[in-house]
Amino acid sequence: MTEKTNVLIVGGGPTGLTLAVDLARRGVDCRIVEQASEPSGGSKGKGLQPRTQEVFDDLGVIDRVRAATTLYPPLRVRIGRVPVYQGRMHKLTAPTDAVPYPMVMMHPQWRTEAVLRERLAELGGKVEQGVELTGFEQDAGGVTARLGTGETLRADYLVAADGGKSRVRKALGIGFTGQTRDEERMVLGDVRIEGLGRDHIHVWVRPDKGMVALYPMAGTDTFQMLAPLKPGVAPDLTLSGYQQIFAERSMLRGVRITELLWSSLYRVNIRLADSYRSGRVFLAGDAVHVHSPAGGQGLNTGVQDAYNLGWKLARVLAGAPEALLDTYEEERRPVAARVLGLSTDLHDKKSYKRDEETHQLLVSYRGGSLARRGGDRVPDGRVRLADGSEARMFDLLRGTHFTLLSPDPAPLVVNGPEVRAYEPAEPYGDERHTLVRPDGYVGISTSSADELADYLAMV
């Protein structure tokens, strides 16, 4: 017997989990399968950008995330015991009404995934660990997927969030244009260390041996260790190998790595998929874009891929025009292209500095088919309503609905999405009606009720 679901998600990392949470809260039947037998334990992507924190606010997990986060501590670069530089990667910025989460926060990826799995469970879902997608075919009506359990599953849509080596992308024959810099490799690992303080990011440079960096992981007693390898050097991914690299490059005595909890060999890949969609199959996260680690863009861009795709899948499954799904690639591929350029530039310059470009608050969909005199992120802030009450903008936006800010917020008679309407005490924007999409971007700003109705019929 063939089981059925609306959406099959392949990959249980941050991208797949974000999509599963978003679909589950919208009442969309979905399943998420992950080939690995248990959740990953590595820190991997460790920085949550301000925009991603806003996404997690909407998904109902920001308090859990921030309870275990810290700011990135100051960076201290030394040659042996001699300090040569000290400073912060990120300018210290206080929260404002418009930007409640202004700072990049350190949060190891394994914990980000754990928080999202917990939220998914609250919504009635779970990651099916140890379940491999062994094959699939699609037709005009859906996707037939075969799982390693022997089960055959029929889904309206399949979303591949299965990483840079995506088997789904390869099966579809979608190109992955870019470069792999085989000569630029580094070892990553989560380690425990005796004799080293946790109030700095520690970097040591030894001209004849190379660099090693240790990041104290937020809310843990571990460090993430990062050490580039010279071309041709065979990596030793054991505890003794990490101990040797640290001892040679730091030249410290009395400080020793005592435990290796997770290790990985990373090659610099800079690639962008030629397409984000083939029929009823979509790609998201590392399956469509892989970056250098500089700037902390990869995980965050994937989370926002999912946040963009989730409401569109839900709307089409509820009867919106199929063409709405074309806007996923239209909006997200240019963002990934810009982010790839940014992270590559930071990597090539070996720059530790970060600024608002990496925060992803400036991402805009202006000029796209879903942006009619709109496309920008709606900032947070206090909104005074015509009835004399006040509300926080993010509280008005939080949820699965569209939000209308209008001096005439009478219920709209449309055969379309849920719209929650509010009458501000003062005009919001330059036009009478401002409609905010479920992902917090202005969809349309207009003074024409007919134009507003036409837009809602499209989504």
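The values are calculated or read from the model by the stated rules, or taken from the named source; none is laboratory data. Note that this is a predicted model, so its numbers are computed, not measured. All Cβ positions, glycine included, derive from the backbone under ideal geometry; neighbour counts span all protein chains shown. Just so you know, the surface numbers come from the protein's heavy atoms only, side chains and all, with ligands and any DNA or RNA stripped out. Shrake-Rupley method; radii C 1.70, N 1.55, O 1.52, S 1.80 Å.
Against the main long axis of the alpha-carbon atoms of the chain, helix 239-250 sits at an angle near 80°. Taking packing as the residue-averaged number of other Cβ atoms within 10 angstrom, the listed peptides 151-158, 119-126, 18-25 run from highest to lowest as 18-25, 151-158, 119-126. Based on Cα contacts under 8 Å between residues 6+ apart, the stretch 108-229 shows a relative contact order of 16 percent. For the stretch 1-115, the share of accessible area belonging to carbon and sulfur comes to 52 percent (1.4 Å probe, ligands and nucleic acids excluded).
In this simple spin-label approximation, R64 and R373 carry label points 7 Å from Cα along the Cα→Cβ vector, and these lie 4.1 nm apart. Whole-Hz Karplus values for the stretch 268-280 come out as 5, 10, 10, 9, 9, 5, 5, 8, 9, 8, 9, x, 9 Hz, taken residue by residue from phi with 6.51 cos²θ - 1.76 cosθ + 1.60 and θ = phi - 60°; glycine and proline positions read x. Our coupling estimate for the stretch 416-430, obtained by passing each phi through the Karplus curve with A = 6.51, B = -1.76, C = 1.60 and θ = phi - 60°, is x, x, 5, 10, 9, 10, 9, 9, x, 5, 10, x, 9, x, 8 Hz, Gly and Pro reported as x. What's log10 of I(q)/I(0) for the chain at q = 0.09, 0.10, 0.12 Å⁻¹, Debye sum over Cα points only, no solvent? Once normalised to I(0) and log-transformed, intensities are -0.62, -0.76, -1.06. Could you tell me the accessible area of T144 in Å² (1.4 Å probe, neighbours in place), rounded to the nearest ten? Only protein atoms counted, so the area is about 40 Å². Note on the stretch 144-187: with neighbouring protein chains present and a 1.4 Å probe, carbon and sulfur make up 47 percent of its accessible heavy-atom surface.
Seen against the Cα atoms of the chain and their longest principal axis, helix 298-317 is set at about 20 degrees. Mean sequence separation of contacting Cα pairs (under 8 Å, at least six apart), scaled by the length of the chain, corresponds to a relative contact order of 16 percent. Against the main long axis of the alpha-carbon atoms of the chain, helix 50-59 sits at an angle near 50°.
In order along the stretch 330-339, the phi-based Karplus estimate (6.51 cos²θ - 1.76 cosθ + 1.60, θ = phi - 60°) of 3J(HN,Hα) comes to 4, 8, 8, 5, x, 4, 4, 4, 5, 5 Hz; Gly and Pro are listed as x. Measure out, as a whole number of angstrom, how far apart the alpha-carbon centroids of the stretch 365-426 and the stretch 158-230 sit. Distance between centres, Cα-based: 41 Å.
For the chain, the per residue solvent-accessible surface stands at 42 Å², with DNA, RNA and ligands left out and a 1.4 Å probe. Per-residue ellipticity at 222 nm computed for the chain from its helices equals -8000 deg cm²/dmol, with DSSP H segments shorter than 4 residues left out and the rest contributing -39,500 (n - 2.57).
Within the stretch 1-148, antiparallel bridges make up roughly 70 percent of the DSSP beta bridges whose residues both belong there.
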